[in-house]
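The values are calculated or read from the model by the stated rules, or taken from the named source; none is laboratory data. Keep in mind the model is a prediction, meaning the values are calculated, not measured. Every residue, glycine as well, gets a Cβ built from its backbone with ideal geometry; the counts of neighbours run over all protein chains shown. Heavy atoms of the whole protein, side chains included, go into the accessibility calculation; ligands, DNA and RNA do not. Shrake-Rupley method; radii C 1.70, N 1.55, O 1.52, S 1.80 Å.
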Amino acid sequence: QVKLVESGGGLVQPGGSLRLSCAASGFPFSYNAMSWYRQAPGKERELVASISSGGESTNYGDSVKGRFTISRDNTKYQVYLQMNSLKPEDTAMYYCKSETRGSWGQGTQVAVSS
């Protein structure tokens, strides 16, 4: 069955970096556009970044442009989110999504605090 498993979250100080990974299985990954979303307590889920099936096209939310980078490795069925210059307002649960299939992972928690 379709499975998306996020990893790499944790606690980091402001200005630090984290790399999130999402391992996909159960569907033709290389034909699926993928995205990262996040949801902070009391707020709506928002799009962080998306990437086309082949990786040639990316899109970012305004709040993360220039700091976050989405990438993918279709040979490994993985999508990544490199997060640099992290801010406290980046604290949220981060979710991986197959945009083509509408499937979500269970999320990984990111906390940015000194």
Legend entry - From the options Arg101, Arg38, residue that is among the basic types (Lys, Arg) and either assigned to a strand (DSSP E or B) or in contact with a Cys (Cβ under 9 Å, 6 or more places away or on another chain) (or both): Arg38
Legend entry - Residues being farther than 15 Å from Gly55 by Cβ, assigned to a strand (DSSP E or B), out of contact with any Leu (no Cβ under 6 Å at 6 or more places or on another chain) and aliphatic (A, V, I, L, M) - total across the range 1-35: 5
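Against the definition (hydroxyl-bearing (Ser, Thr, Tyr), within 14 Å of Tyr94 (Cα to Cα), open to solvent by less than 30 Å² (accessible area, probe 1.4 Å) and touching a Gly at 6+ places or on another chain (Cβ under 7 Å)), how does Ser21 come out, yes or no? So that I can check it myself, show each step before the final result.
Numbers: hydroxyl-bearing (Ser, Thr, Tyr): yes; within 14 Å of Tyr94 (Cα to Cα): yes; open to solvent by less than 30 Å² (accessible area, probe 1.4 Å): yes; touching a Gly at 6+ places or on another chain (Cβ under 7 Å): yes.
For Ser21, the condition - hydroxyl-bearing (Ser, Thr, Tyr), within 14 Å of Tyr94 (Cα to Cα), open to solvent by less than 30 Å² (accessible area, probe 1.4 Å) and touching a Gly at 6+ places or on another chain (Cβ under 7 Å) - is met.
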Legend entry - Test set (1) assigned to a strand (DSSP E or B); (2) free of Cβ contacts under 8 Å to residues at least 40 places away in the same chain; (3) surrounded by fewer than 14 Cβ atoms within 10 Å (Cβ to Cβ) - Thr69 fails condition number: (3)
Inset, instruction - Mind counting the residues in the range 30-60 that are open to solvent by less than 70 Å² (accessible area, probe 1.4 Å) and closer than 21 Å to Gln106 by Cβ? - result: 14
